[in-house]
Each structure stands twice: as C-alpha cells, then as structure tokens.
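One structure follows; several queries about it will come next.
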Amino acid sequence: DVVRLWIHECNRVFADRLINKDDHAWFLELITSQVSTRFSLEYADLVPGRLMFGDYIVPGAEPRLYQQVEDFDKLVKTMEEYLDDYNASTTKKMSLVMFLDAIEHVSRICRIIRTPLGNALLLGVG
C-alpha cells in the first residue's frame, strides 16, 4: 500500500504537470523502472488499472482517512451524492455527469484544496 501511495503522489506532484503524451510515457517508464529497482516489485502488479487515493470515500467521516479507492462504482455513487447535497443547498445547481475521468479531476482538486498552500490553475472549455 505504501508503494501504491508513493506512485500516486509521484503522479500528482510530477505527472500532473506534464503537458504531452511523450512526457507522460517517459514518466511512466521512469516510475516503472524505479518501482522495480527500489522496491523489487512490478508496476503492473501494483497498478492494474486506475490508481486513486482520497479522503472523501466515506462521507462525514472524522477523521478523514486518505485511502486508496478500490470500488469505483461506489465512488461514482458517493460523488453523485456529494453533488446532490450541493445542489440541494444552493440555487445555482450544477448538472454534471460524474464519469470516472471527471471524478479523477475532482479528486485532484480535492487533494490540492486540502494541501496547505495548495494551488492550481484550472482551464476549461465551456
């Protein structure tokens, strides 16, 4: 679990700042080699698909635990519940479709907001 967390944090700190597919491919190769060299583990065994961590998996939990997301169907339902709660509390409703790529972006933003002095530049088309 610690190695998965390390991979996730490397992706958030470094890979999220890369701007093209070549750089992402280079970074994936670097992480794969470092996991093999430093930890004697295989990247593909540790990360068979999406790798996400967050402290929003259990709504209302105190303290919030930063843990790996393992059930993506449950994550989608949880995010939809958060969105429903927001829409119930405001007159400016957001009608969003919460698919996994969108949830991954929300997850990144949540991580940034909870990081002391965290900041990001969000660009979008709309």
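If you roll a 1.4 Å probe over the chain with all protein chains in place, what percent of the accessible area is carbon or sulfur?
Answer for the chain: carbon and sulfur cover 58 percent of the accessible area.
Report the label-to-label distance for Ser40 and Cys10 in nanometres (one decimal), using points 7 Å from each Cα along the Cα→Cβ vector.
If labels sit at Ser40 and Cys10, their model points lie 1.8 nm apart.
In addition: By the scheme Lys and Arg +1, Asp and Glu -1, what is the net charge of all other residues having a beta-carbon under 15 Å from that of Pro48?
Around Pro48, the surrounding residues sum to -3.
Okay, moving on. For segment 67-126, count the residues as N, evaluate 2.2 N^0.38 Å, and divide the Cα radius of gyration by that value, please.
This ratio for segment 67-126 stands at 1.23.
Rg/Rh for the chain: what does it come to with C-alpha atoms and Rh from Kirkwood?
0.99
If r is the Cβ-Cβ distance from Glu80 to Leu121 and R0 is 35 Å, what FRET efficiency results, to the nearest 0.05?
In this case the efficiency is close to 0.85.
Determine the dipole magnitude for the chain: charges of +1 sit on the beta-carbon of Lys and Arg, -1 on that of Asp and Glu, nothing else is charged, the reference point is the Cα centre, and the result goes in debye to the nearest 20.
The dipole of the chain has a size of about 420 debye.
Next up: Sort the following peptides by mean Cβ neighbour count (other Cβ atoms within 10 Å, averaged over residues), highest first: 93-100, 8-15, 22-29.
8-15, 22-29, 93-100
Taking the solvent-accessible surface of protein heavy atoms with a 1.4 Å probe, what is the per residue accessible area of the chain in Å²?
73
The values are calculated or read from the model by the stated rules, or taken from the named source; none is laboratory data. Quick caveat, the model's predicted, so the values are computed rather than measured. Cβ atoms come from the backbone with ideal geometry, glycine included; neighbour counts cover every protein chain shown. With ligands, DNA and RNA removed, areas are computed over all heavy atoms of the protein, side chains included. Shrake-Rupley method; radii C 1.70, N 1.55, O 1.52, S 1.80 Å.
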